[in-house]
1. Taking amide hydrogens as modeled 1.01 Å from N in the peptide plane, which residues meet the under 5 Å criterion relative to Val95, leaving out close sequence neighbours?
2. What aspartates and glutamates does Lys2 reach when the alpha-carbon gap must be under 12 Å and sequence neighbours fewer than 8 apart in one chain are set aside?
3. Could you please put Arg34, Arg52 in sequence from largest to smallest accessible area, using a 1.4 Å probe?
4. Reachable lysines from Lys86, Cα under 22 Å, same-chain residues fewer than 8 places away excluded?
5. When a/c is below 1.5 the answer is rounded, else prolate if a/b is larger than b/c, else oblate, so apply that to the stretch 1-52 with a ≥ b ≥ c taken from the square roots of the Cα gyration tensor eigenvalues.
6. Give me the aspartates and glutamates in straight-line cross-link reach of Lys102: C-alpha distance below 15 Å, same-chain residues under 8 apart excluded.
7. With runs of 4+ DSSP H residues as the only contributors, calculate the mean residue ellipticity of the chain at 222 nm using -39,500 (n - 2.57) per run, divided by the residue total and rounded to the nearest 500.
8. With charges set only on the Cβ (+1 for Lys and Arg, -1 for Asp and Glu), what does the dipole of the stretch 1-144 come to about its Cα centre, in debye to the nearest 20?
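The values are calculated or read from the model by the stated rules, or taken from the named source; none is laboratory data. Everything numeric in this text was worked out from a predicted model, so none of it was measured. Positions of Cβ are generated from backbone atoms using ideal geometry, with glycine treated the same way; all protein chains shown enter the neighbour counts. Ligands, DNA and RNA are stripped out before the accessible areas are found, and what is left, the full protein with its side chains, is counted by its heavy atoms. Shrake-Rupley method; radii C 1.70, N 1.55, O 1.52, S 1.80 Å.
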Amino acid sequence: RKFSAEHRISVERVVSGRGLANVYEFLAQKFPERVQPEVHEEFLNAGDQQGRVIGVNSGTEGSLAQQAAQIMFAAYGSETGNAALKFIPIGGMFVTGGLAPKNIGMIQGEDSPFMKAYLDKGRMSGLIESVPIFAVMNEDVGLRGARVCAEREYNAM
């Protein structure tokens, strides 16, 4: 039932740490013969750290963990490219959060799953190629921004 959606799925179900776990779980159900028992056991016992388990094990060539990471980062790149086309951020598109610094190998390089999907925009590819993209390596940039806003509000009182 979890993977039975017929019409749509929200991007957050795929593009997040939990999303990486969802993609792996789907692949494990679809291709049980490819499951690595030790990785799957660790995955099942990881609680809310299941995405981390898949990320750590994604370097194993041909594994479900690697395939899950490739799918998730392709979806991430595609969604980032869609956002860049919507907003046309001529100063650059900044990818933030925990996924980028922890998985920079899946993001950087023209042949990475992320960049292939980011740039794959058909007739709009020329426009997307003109938007520079940056991976922010600091994971708590959102908290830092919230702190600055809170300080401003406090000082305005």
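1. Close amide H contacts, sequence-distant or interchain: Phe134, Ala135, Val136.
2. List returned: Glu25.
3. Heavy-atom accessible area, descending, gives Arg52, Arg34.
4. Partners found: Lys116, Lys121.
5. Numbers: a/c = 2.61, a/b = 1.36, b/c = 1.91.
Taking the square roots of the gyration eigenvalues as a ≥ b ≥ c, the stretch 1-52 is oblate.
6. Of all the aspartates and glutamates, those that pass the test against Lys102 - Cα under 15 Å, at least 8 places apart if same chain - are Glu139, Asp140.
7. Values: 8 runs with 86 residues, N = 157.
Mean residue ellipticity at 222 nm (helix-derived): -16500 deg cm²/dmol.
8. Working: 14 positive and 16 negative charges, 104 e Å.
Value, rounded to 20: 500 debye.
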